[in-house]
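No lab work stands behind these numbers, since they all come straight from the coordinates. Since the model is a prediction, treat every value here as computed from it, not as a measurement. Virtual Cβ from ideal backbone geometry, glycine too; neighbours counted across all protein chains shown.
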Amino acid sequence: MKSQCLYYALDMWEESGGYIIFRKSVHWCIPHVLHMDAETGTITHYTPPDNLKYPWYSMFGYKGYIKTHDTEDCQRMNPFCMFVGTLILLALGCNWYFLRLVTRRNHRFHQRRHDPTHASDRRNPL
């Protein structure tokens with residue numbers, strides 16, 4: 001499955017609540033996004049299996065896995081990288097929202113089409 005850290009963290013935040021955590025990525029200068037469960041305090045995040053050859057490609061998704069801990073050193077980020085990272089996260093967050101919206105609408109549409117009690121499936125007796 002192709003994904004990326006922001007999409008994973010937003011999915012988890014929407015599904016189970018908790019917290020979003022930002023830290024400097026070990027692959028490049030923008031933030032890496034993690035999720036922390038509110039009840040257990042468990043930190044999870046989506047990460048690539050190896051170093052990324054071209055880190056900026058990670059914005060379009062990569063085949064990775066979910067880690068249940070974070071052992072990376074939390075380094076300081078310079079303000080320019082924070083600014084650029086914020087713009088990238090904003091754009092990707094908007095993309096996540098619209099993909100989620102379209103996916104849910106399609107899912108609901110297909111559910112309604114197969115539901116015999118739905119009003120659109122009833123024939124008008126007139």
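Miscellaneous remarks
- Residues of region 20-51 with amide N under 13 Å of a point placed 7 Å along Cα→Cβ from C74: 20-25, 32-36, 43
- Annotation: lysines with alpha-carbon distance below 16 angstrom to K63 (same-chain offsets under eight excluded): K2, K53.
- In sequence order, calculated HN-Hα J values of region 42-58 (Karplus, 6.51, -1.76, 1.60; Hz; x Gly/Pro): 6, 9, 10, 7, 8, 9, x, x, 9, 4, 7, 5, 10, x, 5, 5, 4
- Summarising the label geometry, the points placed 7 Å from Cα in the beta-carbon direction at N95 and Y54 lie 1.4 nm from one another.
- Charge-dipole axis of region 2-107 as Lys and Arg at +1 and Asp and Glu at -1 on Cβ define it, positive-most pick from V26, G41, S58: S58
- Coordinate range along principal axes, alpha carbons of region 1-103, Å, largest first: 32, 31, 26
- For F98, net neighbour charge (Lys/Arg +1, Asp/Glu -1) across residues whose Cβ lies under 12 Å away: +3
- Under a model in which nothing but the beta-carbon of Lys, Arg (+1) and Asp, Glu (-1) is charged, region 2-107 shows a dipole of about 420 debye around its Cα centre.
- Exposure proxy ranking, count of Cβ atoms within 10 Å, fewest first, for V102, V84, V33: V102, V84, V33
- Net lengthening on full extension, T42/L87 (0.36 nm per residue, minus Cα-Cα): 13.4 nm
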